[in-house]
Amino acid sequence: MANPFSGLKVKWSNSAPISVEDYRALARKRLPYMVWAYIDGAADDLATLRGNRLAFGRWAFLPRFLTGKEGTGLATGIGGRRISLPVYLSPTGMCGLTHWSGEIAMAQAAERAGSLCVVSGAASYLPEEIHEATRERHFFQLYPWSNALAGRHDLTDHYIQRVQDAGYQGLFVTVDVPTHGNREAERRRSLGTPPVFTPGQLLEAALHPRWLMGYLRHQRVAPRLMTHRGGLKGIAEAGEFQLRAMRPELNWDDIKRMRDRWNGPFYIKGLLHPDDAEKAIEIGATGIVVSNHGGRQLDGSEAALDAMVKIADRVNGRAEILLDGGIRRGADVVKALCLGATAVGIGRPTLYGLGAAGSAGVEHILEIFRQEIARTLTLLGVTDVSELNRSMLTRVEPYPFGDSNEV
């Protein structure tokens with residue numbers, strides 16, 4: 001695809017963004033800090049957020065040269081769906097807060113890139129709106145809210161049937177949110193639960209006119225399945241919904257019932273323990289999404305990549321394994337595949353692209369990953385991602401490429 005910044009003079013740099021980190025820097029400049037705190041922050045001391053990145057540095061490549069191979073085979077499959085690169089868009093809530101086009105822009109970008117989007121249950125657009133605006137059957141992520149909420153006794157069942165009727169192909173059920181994580185940056189910048197907005201926050205938003213114009217015109221910031229209101233009132237109402245809907249009593253019998261109701265690929269998102277992966281297979285899950293919610297829930301939990309290695313050993317090919325957490329480079333993707341992942345999901349990188357340049361920015365993020373993955377395969381001496389295995393890596397301690405505190 002064409003670079004969305006082609007021909008554009010970017011004041012902060014002499015060139016257009018060429019990496020995820022470049023997009024991160026540009027998105028930071030273009031978004032109000034309360035929005036930035038939401039998309040880039042995490043829980044408590046950020047230990048898990050940092051750990052997700054540092055885990056990739058504990059593995060180094062063992063390349064083979066003079067193989068005569070070029071990295072051209074990037075395609076893989078998720079739930080029977082063939083995608084052109086082993087990267088999909090992870091579910092990220094309230095994308096309209098980052099850019100008014102939100103999840104519609106994300107899903108359309110994924111289609112143009114030959115990937116797929118997992119639409120969040122906290123999306124700023126209704127699942128039907130997103131499906132109608134796209135050509136492909138994307139996947140949907142469900143929060144199993146309390147069935148007794150607001151007098152309903154079938155809320156989760158209702159949502160499952162609703163997104164199935166809307167045409168979604170696969171279902172991700174997130175299980176690592178029995179309560180909200182302590183995201184202090186959000187709380188300091190008014191986006192806690194419930195949110196509280198101050199004149200100072202609104203003034204800071206006004207200093208970002210590009211974002212403010214989209215907000216005022218479209219009001220697409222709140223989770224539409226949780227409120228019919230737009231704007232800040234919608235965020236507040238959705239926050240109250242979430243407080244009442246959290247379900248700490250959720251158990252494996254509940255998940256099995258959801259599996260039985262869903263007709264299609266079914267994934268359990270948020271697992272870190274091999275025993276839980278075993279239970280997921282027992283109830284018929286298509287795959288396991290190894291994730292610690294990007295460090296936004298339990299701070300101090302194991303890095304997603306480290307947990308995935310143990311889960312891959314236990315699963316041993318009996319289910320798909322998807323990794324979600326800490327991916328910033330194509331080399332990270334290749335390491336994850338070597339260690340047993342079927343594909344990886346990216347969350348913050350796509351929000352950086354969305355915040356910087358809308359749908360074109362998301363598409364360019366995926367193109368950056370495509371180029372980096374292909375380059376890494378070539379340098380590793382591999383033609384196709386299907387050839388990747390653990391023998392192509394070596395475990396190293398300590399982190400060999402410098403002290404990294406980046407998140």
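Quick check on my filter: what residues within the range 91-119 are aliphatic (A, V, I, L, M), in contact (Cβ under 8 Å) with a residue 60 or more places away in the chain, touching a strand residue (DSSP E or B) at 6+ places or on another chain (Cβ under 9 Å) and assigned to a helix (DSSP H, G or I)?
Met106, Ala109, Ala110
With a cut-off of at least 2 residues that are closer than 19 Å to Ala303 by Cα and either without any contact (Cβ under 8 Å) to a residue 24 or more places away in the chain or not β-branched (Val, Ile, Thr) (or both), name the strands (runs of 3 or more DSSP E) lying wholly within the range 27-90.
Working: elements: 59-61, 76-78, 81-83, 87-89.
Output list reads 59-61.
For the range 52-97, name all the residues that are out of contact with any Pro (no Cβ under 7 Å at 6 or more places or on another chain) and among the aliphatic types (A, V, I, L, M).
Leu54, Ala55, Leu62, Leu66, Ala75, Ile78, Ile83, Leu85, Val87, Leu89, Leu97
Evaluate the following for Gly300: is it surrounded by fewer than 18 Cβ atoms within 10 Å (Cβ to Cβ), part of a loop (DSSP other than H, G, I, E, B) and under 20 Å from the mean Cα position of the chain (by Cα)? Give the steps one after another, and end with the answer.
Numbers: surrounded by fewer than 18 Cβ atoms within 10 Å (Cβ to Cβ): yes; part of a loop (DSSP other than H, G, I, E, B): yes; under 20 Å from the mean Cα position of the chain (by Cα): yes.
Against the criterion (surrounded by fewer than 18 Cβ atoms within 10 Å (Cβ to Cβ), part of a loop (DSSP other than H, G, I, E, B) and under 20 Å from the mean Cα position of the chain (by Cα)), Gly300 qualifies.
Does Phe369 count as closer than 26 Å to Ala42 by Cβ and at pLDDT below 95?
Numbers: closer than 26 Å to Ala42 by Cβ: yes; at pLDDT below 95: no.
Here the answer is no, as Phe369 does not meet what is asked.
Spot the failing condition for Asp306; the list is (1) in a helix (DSSP H, G or I); (2) crowded, with 22+ Cβ neighbours inside 10 Å, and only one is missed.
Every condition holds for Asp306 apart from (2).
Can you tell me how many residues within the range 232-271 are touching a helix residue (DSSP H, G or I) at 6+ places or on another chain (Cβ under 7 Å), more than 21 Å from Glu186 (Cβ to Cβ) and in contact (Cβ under 8 Å) with a residue 40 or more places away in the chain?
Start the filter on the range 232-271 by keeping residues that are touching a helix residue (DSSP H, G or I) at 6+ places or on another chain (Cβ under 7 Å), which leaves 244-245, 252, 258, 261-263, 266, 268, 270-271.
After this cut, where a residue has to be more than 21 Å from Glu186 (Cβ to Cβ) as well, the list is 252, 258, 261-263, 266, 268, 271.
Now drop any that are not in contact (Cβ under 8 Å) with a residue 40 or more places away in the chain, which leaves 258, 261-263, 266, 268, 271.
The qualifying residues number 7.
For Leu212, which of the numbered conditions (1) closer than 19 Å to Arg187 by Cβ; (2) modelled with pLDDT of 85 or more; (3) among the aliphatic types (A, V, I, L, M) fails to hold?
Exception for Leu212: condition (1).
Being more than 20 Å from Gly71 (Cβ to Cβ) and part of a loop (DSSP other than H, G, I, E, B) is the filter here; which residues of the range 339-354 pass it?
Of the residues in the range 339-354, the ones more than 20 Å from Gly71 (Cβ to Cβ) are 345, 347-354.
Of everything in the range 339-354, just one residue is more than 20 Å from Gly71 (Cβ to Cβ) and part of a loop (DSSP other than H, G, I, E, B), namely Gly347.
I'm told Ile321 meets every condition in (1) assigned to a helix (DSSP H, G or I); (2) touching a helix residue (DSSP H, G or I) at 6+ places or on another chain (Cβ under 7 Å) except one. Can you identify the failing condition by its number?
Of the numbered conditions (1) assigned to a helix (DSSP H, G or I); (2) touching a helix residue (DSSP H, G or I) at 6+ places or on another chain (Cβ under 7 Å), the odd one out for Ile321 is (1).
Of Gly347, Gly295, Gly325, which residue is under 30 Å from Asp22 (Cβ atoms) and touching a His at 6+ places or on another chain (Cβ under 9 Å)?
Values: Gly347 fails: touching a His at 6+ places or on another chain (Cβ under 9 Å); Gly295 fails: touching a His at 6+ places or on another chain (Cβ under 9 Å).
The conditions single out Gly325.
List, please: which pairs have Cβ atoms under 7 Å, are six or more places apart or on different chains, and start with a residue in the range 164-187 that is closer than 28 Å to His131 by Cβ and end with one that is surrounded by fewer than 17 Cβ atoms within 10 Å (Cβ to Cβ) and not acidic (Asp, Glu)?
Gln164/Asn263; Gly167/Arg137; Tyr168/Arg137; Gln169/Arg137; Gln169/Gly264; Gly170/Gly264; Leu171/Gly264
Have a look at Ala357, Ala336 and point out the one that is crowded, with 22+ Cβ neighbours inside 10 Å, in a helix (DSSP H, G or I), in contact with a Pro (Cβ under 6 Å, 6 or more places away or on another chain) and not charged (D, E, K, R).
Values: Ala336 fails: in contact with a Pro (Cβ under 6 Å, 6 or more places away or on another chain).
The match here is Ala357.
Considering every residue within the range 283-293, establish whether at least one is in contact with a strand residue (DSSP E or B) (Cβ under 7 Å, 6 or more places away or on another chain) and modelled with pLDDT under 95.
yes
How many residues does the range 120-159 contain that are assigned to a helix (DSSP H, G or I) and either surrounded by fewer than 20 Cβ atoms within 10 Å (Cβ to Cβ) or modelled with pLDDT of 95 or more (or both)?
Pass one, the range 120-159, residues assigned to a helix (DSSP H, G or I): 127-132, 149-151, 155-159.
Checking which are either surrounded by fewer than 20 Cβ atoms within 10 Å (Cβ to Cβ) or modelled with pLDDT of 95 or more (or both) leaves us with 127-132, 149-151, 155, 157-158.
Number satisfying all stated conditions: 12.
The values are calculated or read from the model by the stated rules, or taken from the named source; none is laboratory data. Note that this is a predicted model, so its numbers are computed, not measured. Neighbour counts are summed over all protein chains in view; Cβ atoms, including those assigned to glycine, are modelled from backbone coordinates with ideal geometry.
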